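Student: My questions all concern the structure below.
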């Protein structure tokens, strides 16, 4: 976006004036010029797709992490359309080209962490953006549609109904304020045969206006109540023919929606977020369990491709055999046969959800979460952190290593990897293991009520009140956060320790135990009780480094590395919103950030030659 555009973004990201602008802010995006590189693991949570009507093979993809990617070869490969992160903290829920204005494209946005929403416009095909929401309430915007016969006119589907603009988004008017039962509107369609008619899919059923949004009436016949309408599309049978995908299968509408018929035969999953009607008449329904196709007007459906959750569908208007779908976490999938088959096609899209990162023998291991087969543990080689292997271990919640062995807490138990093979640790069974810690001969793991400890060849388990949210070893004891209690446990005996406040997270360094509480962090060295720490942060993360064991994430987009005594040693600007950092690893001279929408980012560090501390400390080479 242009400087000074979106100023009502989610709190905790756009704090400093320099970070209010979304375009041209080098330190706010993971670009190589900033010292940050992204590991070449491709995929993302893709929410929107749009082909450029002025360029036959150009297509845009919007993600849940605020990225806008472009492809110049109909989805075979991708690159950022402009800034690496066009809308930090926003979900790009829809992208719409204005066919009457070459280069103009609209974006519907909603906040990742709150109820805010916005509309943005680009005049250069999505390479730069400016806000367009004067008078539009700060509510989620889910869908947009342009009015083809009235230049400057468009509609926005929001959490607060339908809004309209007739002056290129410079001002907006609430069009459904007299129809409060419409409530949340998630889909829009301007009738291709009569632009005065507009359809709106609400959180319960469908509505229609015959006078450009001035008045509305429900078009309910045949549509089950509480059928949220996710997508609307004109049908292949000409004027008045409609299709709708809902939370309860797919509907065919006749006579401009006056009558609906539900179709579900063969649709093994009812929730259908996306829909496409191809020129051949083939129907494609994107469900939360894959794409389904129908060649008999919805009479029957067959699955095509993977079972990945499908957020968006689009086909090349001039080459309709090319169909793309955007998935939940697994990037873009591409078909060259009109939707008969799909293959993963996300090269260049760096947006995987990385939940954890730990040091490996020749690189790092990370856990990735998506809705397809890439969910598992990836092993990446140094120096370029290129993928060397992937272990299909779904539902990974936490990783830990003691140097020789790699452990994974998963939704189906605790797993140990030795010599390239994963084996389940039998003592915790197949229950959800949310946390695991491995240090200096100790293995500590926990599910909701059970803590498992392995030390000196012996295994111990203890049952607690729960919910257990963390457990780790420090100075020969196991420290456990059990509900609202902090416990110290040793060989089966436990005692409650009075903490200064409710404990959110524990951190262990050689010198002290640190607890992150609602009132900030406190240090405990075993002799002097709890003392407030000087660290100020929205959140603390362990780095895995003995020299700099803690990274403090600031709500203003900054971060600081702290030494074992809690002293601030390195300051930096985060390349992504602080809430998006899920884990951090400082391995030698490399700082790695695991993120929940930007993949794995890393930066090389150099040594501070003139540091007064006898222990040399790193700093970021480019800052």
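The values are calculated or read from the model by the stated rules, or taken from the named source; none is laboratory data. Small disclaimer: the values here were computed from a predicted structure and weren't measured. Positions of Cβ are backbone-derived with ideal geometry, glycine not excepted, and every protein chain shown enters the neighbour counts.
Student: Out of everything in region 521-545 that is modelled with pLDDT under 85 and under 13 Å from residue 564 (Cα atoms), what residue ends up being nearest to the chain's Cα centre (by Cα)?
Tutor: Of everything passing the filter in region 521-545, 535 is nearest to the chain's Cα centre (by Cα).
Student: Oh, and also: Tell me which of these residue 354 doesn't satisfy, since it passes every other one: (1) in a loop (DSSP other than H, G, I, E, B); (2) closer than 30 Å to residue 588 by Cβ; (3) within 21 Å of the chain's Cα centre (by Cα).
Tutor: (1)
Student: Specify which of the listed residues (393, 380) is part of a loop (DSSP other than H, G, I, E, B), within 27 Å of the chain's Cα centre (by Cα), at pLDDT 85 or above and farther than 27 Å from residue 465 by Cα.
Tutor: Selected residue: 393, the only one of 393, 380 that is part of a loop (DSSP other than H, G, I, E, B), within 27 Å of the chain's Cα centre (by Cα), at pLDDT 85 or above and farther than 27 Å from residue 465 by Cα.
Student: A follow-up question, please. Of the residues 110, 106, only one is over 27 Å from residue 320 (Cα atoms), touching a residue at least 24 places away in the same chain (Cβ under 8 Å) and in a strand (DSSP E or B); which?
Tutor: Result: 110 is the single residue among 110, 106 that is over 27 Å from residue 320 (Cα atoms), touching a residue at least 24 places away in the same chain (Cβ under 8 Å) and in a strand (DSSP E or B).
Student: Another question, then. Within region 151-257, which strands (runs of 3 or more DSSP E) (wholly inside it) include 1 or more residues that are within 22 Å of residue 106 (Cβ to Cβ)?
Tutor: 154-158, 161-165, 185-190, 198-202, 206-209, 229-234, 242-246
Student: Quick one: in region 480-520, which of the residues that are touching a residue at least 40 places away in the same chain (Cβ under 8 Å) and surrounded by 14 or more Cβ atoms within 10 Å (Cβ to Cβ) is nearest to the chain's Cα centre (by Cα)?
Tutor: The selected residue is 507.
Student: Quick check on my filter: what residues within region 457-467 are assigned to a strand (DSSP E or B) and surrounded by fewer than 18 Cβ atoms within 10 Å (Cβ to Cβ)?
Tutor: 458, 459, 460, 461, 463
Student: So how many residues does region 430-445 have that are outside any strand (DSSP E or B) and within 29 Å of the chain's Cα centre (by Cα)?
Tutor: The total comes to 5.
Student: Could you look through region 298-327, keep only residues that are in a loop (DSSP other than H, G, I, E, B) and over 27 Å from residue 53 (Cβ atoms), and pick out the one that is farthest from the chain's Cα centre (by Cα)?
Tutor: Among those residues, the one meeting the criterion is 299.
Student: Among the residues of region 468-479, is any without any contact (Cβ under 8 Å) to a residue 24 or more places away in the chain and exposed (fewer than 13 other Cβ atoms within 10 Å of the Cβ)?
Tutor: Yes: one or more hits.
Student: If you don't mind, there's one more thing I want to ask. Please report, ordered by residue number, the strands (runs of 3 or more DSSP E) entirely within region 1-82 with at least 2 residues that are more than 18 Å from residue 575 (Cα to Cα) and modelled with pLDDT of 60 or more.
Tutor: Strands (runs of 3 or more DSSP E) meeting the threshold: 46-51, 59-63, 68-71.
Student: Please verify whether region 281-291 includes one or more residues that are buried (at least 20 other Cβ atoms within 10 Å of the Cβ), more than 30 Å from the chain's Cα centre (by Cα) and free of Cβ contacts under 8 Å to residues at least 40 places away in the same chain.
Tutor: No; the residues of region 281-291 include none that is buried (at least 20 other Cβ atoms within 10 Å of the Cβ), more than 30 Å from the chain's Cα centre (by Cα) and free of Cβ contacts under 8 Å to residues at least 40 places away in the same chain.
Student: Okay, moving on. Looking at residue 448 and the list (1) at pLDDT 90 or above; (2) in a strand (DSSP E or B); (3) within 21 Å of residue 398 (Cβ to Cβ), which single condition is not satisfied?
Tutor: Residue 448 satisfies every listed condition except (2).
Student: Taking residue 436, is it free of Cβ contacts under 8 Å to residues at least 40 places away in the same chain, buried (at least 20 other Cβ atoms within 10 Å of the Cβ) and farther than 15 Å from residue 402 by Cα?
Tutor: It is false that residue 436 is free of Cβ contacts under 8 Å to residues at least 40 places away in the same chain, buried (at least 20 other Cβ atoms within 10 Å of the Cβ) and farther than 15 Å from residue 402 by Cα.
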